[in-house]
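Participant: After the structure tokens below, expect a handful of questions from me.
The values are calculated or read from the model by the stated rules, or taken from the named source; none is laboratory data. Worth saying up front: this structure is predicted, and the values here are computed from it rather than measured. Positions of Cβ are backbone-derived with ideal geometry, glycine not excepted, and every protein chain shown enters the neighbour counts.
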Amino acid sequence: MNPTDTLTIREVTADAFEAIWPIFREVVADEDTYPYPADIAFEAARDLWFAPGARVFNACVGDELVASRYIVPNKPGLGSHVCNIGVIIARAWRGKGLGWALNDFAIEKARELGFRAIQLNFVVSTNAASIHICRQNGFEIVGTLPGAFHYKRERYVDAYVMFRAL
């Protein structure tokens, strides 16, 4: 059975971060997709994931939390019609179609929330799966940040800014 067939996605509040925390920690500890320090404190991580104005959605297969996604205005005021999105997927659930399903969800939800575009501010150039999913869903690389990410603390790699009109 395809896990996306039984995937449920629901909006959550910051009170749900305790359940998200193990996935967040796992993803950040890999040091290959998010720039947050591996030893980030629970409160700091919660404040990042539930940034002001963020809408957060958890994805479950059955009763198991497998991923979390946020949608947040990229900038306040005159830039608030463009959103930024982020996702974390539990390691055991990667490669099973959840990235595609959660990207589709984010595009539709961003439209529903009234955003006119999505800007991804920091897509690590070595994150081939994410880049592939985004490109297939109409995102374009509009900028390159040379050497902006310290990949696994071993070498510096580029990060991309990606954009998609809604």
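Participant: Let me confirm something: among Ala117, Ala54, which residue is in contact with a Cys (Cβ under 8 Å, 6 or more places away or on another chain) and small (Gly, Ala, Ser)?
Facilitator: Numbers: Ala54 fails: in contact with a Cys (Cβ under 8 Å, 6 or more places away or on another chain).
After applying the criteria, what remains is Ala117.
Participant: Just checking, how many residues over region 105-133 are farther than 22 Å from Val66 by Cβ, surrounded by fewer than 19 Cβ atoms within 10 Å (Cβ to Cβ) and more than 12 Å from the chain's Cα centre (by Cα)?
Facilitator: 8
Participant: Could you tell me how many of the residues in region 52-104 are assigned to a helix (DSSP H, G or I), free of Cβ contacts under 8 Å to residues at least 40 places away in the same chain and over 11 Å from the mean Cα position of the chain (by Cα)?
Facilitator: Of the residues in region 52-104, 5 are assigned to a helix (DSSP H, G or I), free of Cβ contacts under 8 Å to residues at least 40 places away in the same chain and over 11 Å from the mean Cα position of the chain (by Cα).
Participant: Of the residues Asp39, Asp15, Asp32, only one is of a type in the set (D, E, K, R), under 15 Å from the mean Cα position of the chain (by Cα), surrounded by fewer than 18 Cβ atoms within 10 Å (Cβ to Cβ) and not in a strand (DSSP E or B); which?
Facilitator: Asp32
Participant: Out of (1) within 28 Å of Leu65 (Cβ to Cβ); (2) among the charged types (D, E, K, R); (3) surrounded by 13 or more Cβ atoms within 10 Å (Cβ to Cβ), what's the single condition that is false for Asp158?
Facilitator: Answer for Asp158: the failing condition is (1).
Participant: Another question, if that's okay. Under 6 Å by Cβ, and 6 or more places apart or on different chains, what pairs join a residue from region 25-38 that is under 17 Å from Asp158 (Cα atoms) with one that is modelled with pLDDT of 95 or more?
Facilitator: From residues that are under 17 Å from Asp158 (Cα atoms), the pairs are Thr33/Val124; Thr33/Asn127; Tyr34/Val28; Tyr36/Val28.
Participant: Here are some residues: Glu18, Glu31, Glu11, Glu43. Which one is among the charged types (D, E, K, R) and closer than 24 Å to Ala129 by Cβ?
Facilitator: When all the criteria are applied, what remains is Glu31.
Participant: In the set Arg69, Arg55, which member is crowded, with 16+ Cβ neighbours inside 10 Å, more than 20 Å from Gly97 (Cα to Cα) and not hydrophobic (A, V, I, L, M, F, W, C)?
Facilitator: Arg55
Participant: Quick one: is Ala148 in contact with a helix residue (DSSP H, G or I) (Cβ under 9 Å, 6 or more places away or on another chain), surrounded by fewer than 19 Cβ atoms within 10 Å (Cβ to Cβ) and small (Gly, Ala, Ser)?
Facilitator: no
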